[in-house]
1. One residue is enough: does region 43-63 have a residue meeting the conditions buried (at least 16 other Cβ atoms within 10 Å of the Cβ), closer than 20 Å to A273 by Cβ and not assigned by the TED database to the domain that holds L166?
2. Inspect region 56-79 for any residue being without any contact (Cβ under 8 Å) to a residue 40 or more places away in the chain, in a helix (DSSP H, G or I) and of a type in the set (D, E) and give the result as yes or no.
3. Those residues that are within 15 Å of C250 (Cα to Cα), in contact with a strand residue (DSSP E or B) (Cβ under 8 Å, 6 or more places away or on another chain) and open to solvent by 50 Å² or more (accessible area, probe 1.4 Å), I need them from region 163-206; list them, please.
4. Find all pairs meeting these conditions: Cβ atoms under 8 angstrom apart; at least six residues apart or on different chains; first residue within region 179-201 and touching a residue at least 12 places away in the same chain (Cβ under 8 Å) and in a helix (DSSP H, G or I); second residue β-branched (V, I, T) and open to solvent by 50 Å² or more (accessible area, probe 1.4 Å).
5. Over 30 Å from R291 (Cα atoms) and either open to solvent by 80 Å² or more (accessible area, probe 1.4 Å) or not assigned by the TED database to the domain that holds H172 (or both): is that true of T121 in this structure?
6. Among the numbered criteria (1) open to solvent by 10 Å² or more (accessible area, probe 1.4 Å); (2) within 23 Å of the chain's Cα centre (by Cα), which one does A91 miss?
7. So which strands (runs of 3 or more DSSP E) are wholly in region 86-158 and hold at least 1 residues that are at pLDDT 95 or above?
Amino acid sequence: MSDEKNSSTLVADLGGTNVRFGLAQTTQARPLIDSSIRHYAVADFASLADAALQYLAEIGSKPQRGVFAVAGKVTNDEVRITNHPWVISTAQTRRDLDLLSLHIVNDFAGLSMAVPLLAATDVEKIGNADVTIAANSRCRTIGVIGPGTGLGVGAFLLRDGKPEILETEGGHTGFAPGTPEEIEILQYLAKRYGRVSNERLICGSGMVNVYQALCALADVPAQDFSPAQVTEHAQAGSDAQCVRTVDIFCALLGSIAGDLVLTIGAWDGIYLAGGIVPPLLPWLRKAEFRRRFEDKGRFATAMQRVPTLAITYPYAGLLGAAATAVVDGGGRLVALTPSESAVA
């Protein structure tokens, strides 16, 4: 085992379906070591520690510190994964992995911390609003929202030059329909679930919920489609309900992302994250996403100036965990040059 591997920090990005691991060198400007990244299905392991031990055995590393970003609410020592039955004890996991320290954060806290390290090549702008933050600005508020197994919401705050993260469970806020069709979808889902959160529509299983609701409203039989199959049929134009599902999904994501700007004052931009986003880019580029994003009544003009960017870098969660490790160690995140950065 090399000294580099043993001096690195173990980083993880745990969702409801997959877990990714990597190593971070906190002294480097881009701390995540891309060549160290591996991913595993959570269903294949009894615990997070078991998956991490498998990873460490495969790469032959014995790091002393860890930073894990997980899809769940972090409360003291216990972490409950929102869309998976794992319950994680920070102390026990640290002992199982023989680490000197282990810091577990919410997955969107990790994603939010990645924002200042994202290069211009790691994102794609959606709409015409440009990122106009001055390079020497010491105060910023940037929202992060992403549909995946669930709907995650967080924010990156820069206050007097110091990075801070806002951890939320914003995906569980109540769904507010904006059209008669969306009211009908809400009524359909309310009969099934009672309360209908944004996550009931805007995530992988949420896409299936929207598809099934549209089939019921059109009085046509719903197929047993996965979220990927809904997207594939929409891309091929082979199923009218799938096409409409993706159109509505992207419009609602725009509306919810716009609400996030108003809620937390994220006037410096919104980043779209999560594994569902890249396949949906052709739809997100269409006018409806930005129209619904900007359609905020008296604040419509202000919303037109707020940029929206899709994160296309596939390991942003790990990058954020690596950035957290840098800050935990007393280091500073090295700002990219304006020509390189996605936020400068």
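The values are calculated or read from the model by the stated rules, or taken from the named source; none is laboratory data. These figures come from a predicted structure and were not determined experimentally. Cβ sites come from the backbone with ideal geometry, for glycine too, and all protein chains shown count toward neighbours. Note: areas computed on protein heavy atoms with side chains; ligands, DNA, RNA excluded. Shrake-Rupley method; radii C 1.70, N 1.55, O 1.52, S 1.80 Å.
1. no
2. Scanning region 56-79, I find at least one residue that is without any contact (Cβ under 8 Å) to a residue 40 or more places away in the chain, in a helix (DSSP H, G or I) and of a type in the set (D, E), so the answer is yes.
3. Across region 163-206, there are no qualifying residues.
4. Close Cβ pairs (under 8 Å, with a partner that is β-branched (V, I, T) and open to solvent by 50 Å² or more (accessible area, probe 1.4 Å)) amount to N198/T173.
5. Numbers: over 30 Å from R291 (Cα atoms): no; either open to solvent by 80 Å² or more (accessible area, probe 1.4 Å) or not assigned by the TED database to the domain that holds H172 (or both): yes.
When the stated conditions are applied, T121 does not pass them.
6. (2)
7. Values: elements: 87-89, 101-106, 123-126, 140-147.
Those strands (runs of 3 or more DSSP E) span 101-106, 123-126, 140-147.
Matching residues to (1) outside the structural domain of Y271 (by the TED database); (2) of a type outside the set (S, T, N, Q); (3) closer than 17 Å to T308 by Cα:
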| residue | (1), (2), (3) |
| --- | --- |
| L99 | yes, yes, no |
| V115 | yes, yes, yes |
| D130 | no, yes, yes |
| R140 | no, yes, yes |
| V144 | no, yes, yes |
| I165 | no, yes, no |
